[in-house]
Amino acid sequence: MGEDFKQLKRRGRDEYERDELIFRVGFLSSPANLIAVIEATGGVELGSSGHTTSTNKHYEVIMATTKIEWSEKVWNPVTGCTKVSTGCKHCYAEKMAYRLQGMGQAKYANGFEVTIHLDILKKPLKWKKPSRVFVNSMSDLFHEEVTETFIGLVFEVMCKAKQHQFQVLTKRSERLAELAPDLPWADNIWMGVTVEKEKYLHRIDHLRQTPAATKFISFEPLLGPVSDFDPTGIDWVIVGGESGPGARPMEEEWATEIRDKCVDAGVAFFFKQWGGRNKKAAGCLLEERVWSEYPA
Ligand code: SF4
């Protein structure tokens, strides 16, 4: 057990760089308990460090890294959001924000209210190791309460931090299309929209209007067929079913129909998961193979 904890510490020191989300979990007796807490806080992978006093053990859990299958790091210069469409029903970010608020994490003192975090705006400039960085896993950058000025600053940082690929995903595609002409763009900014149902296919038209060099769609949680999906002008497509309690099921033909269109059009396709209550058990095989392509 001691050896395991040493390994965790080393991993925290060597492989992960600290981001904005450091919180302390106290009085843990073992690394196994530490891991249990990490998993309970939503499956965000850890770097870790710890120290012991004669009476207590405290561990700092570092949450810059992520288990989001298609990303490597998260960067949350904004936290908090409001629900905008049916895909938001079981919003992971909302649950996580309240959990972190309950744990006394200062960054989440406002719970799930939209909050700007100027203090971590420039963090990616300090990360030397090139990474795929998911921007705002705990919010939507194009939320109406995030000012145009702040969105512009986020884009400026992404343009400067050329060592990384930034993945920005929004459901507020109207605002994206409206602001896009005035934002600075660079080839390392991947811009995406979420489409959970046919009803929201218009978000892809908004995405096409932007000058983003890499455009992607997240069909997650996929809640219905999207037979009218046209992959023209799109570089990458992610499909995933909803996971967790109350997850709404995804039918196989909804996913294969999207996949077939991507294959025909030469669009990179990533099948993330079937989802369900136990997403690990459901796995990520689509017609008996893994689909984990990335844009060229
Ligand atoms: S847009 Fe995203 S972060 Fe905002 S409520 Fe919906 S699922 Fe949650």
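Coordinate-derived values only; no laboratory data. This structure is a prediction, so every number in the text was calculated from the model and none was measured. We place every Cβ from the backbone using ideal geometry, glycine too, and count neighbours over all the protein chains shown.
Assorted remarks:
- Just so you know, the Rg over Rh for the range 163-243 is 0.96, from Cα atoms, with Rh as the Kirkwood radius.
- For Thr170, the amide hydrogen comes within under 5 Å of the amide hydrogens of Gly192, Val193, Thr194, counting only partners 5 or more places away or on other chains and with H modelled in the peptide plane.
- Convex hull projection area averaged over all views, the range 160-203, Cα basis, nm²: 3.4 nm²
- Summing +1 for each Lys or Arg and -1 for each Asp or Glu among the other residues whose beta-carbon sits under 10 angstrom from that of Gln273 gives 0.
- The loop-placed chymotrypsin sites (Phe, Trp or Tyr not before Pro) in the range 217-265, going by DSSP, include none that has at most 12 neighbouring Cβ atoms within 10 Å of its Cβ.
- Near Gln165, the amide H atoms lying under 5 Å from its own belong to Ser131, Arg132, Val133; only residues 5 or more places off or on other chains count, and H is placed 1.01 Å from N.
- Hits among lysines - C-alpha to C-alpha of Lys199 under 25 Å, sequence gap 8 or more where chains match: Lys83, Lys89, Lys171, Lys215, Lys261, Lys272
- Residue-count net charge about Ala247 - beta-carbon cut-off 15 Å; Lys, Arg +1, Asp, Glu -1: +3
- The string of couplings for the range 227-243 from the Karplus curve (6.51, -1.76, 1.60, θ = phi - 60°) is 4, 8, 4, 10, x, 4, x, 9, 9, 8, 10, 10, 10, x, x, 6, 10 Hz, one whole number per residue in order, with x for Gly and Pro.
- Derived value for the range 67-202: Kirkwood hydrodynamic radius 15.4 Å. Basis is the mean of 1/r over every pair of different alpha-carbon atoms.
- In terms of overall dimensions, the C-alpha atoms belonging to the range 128-175 reach 32, 19, 16 Å along their principal axes, ordered largest to smallest.
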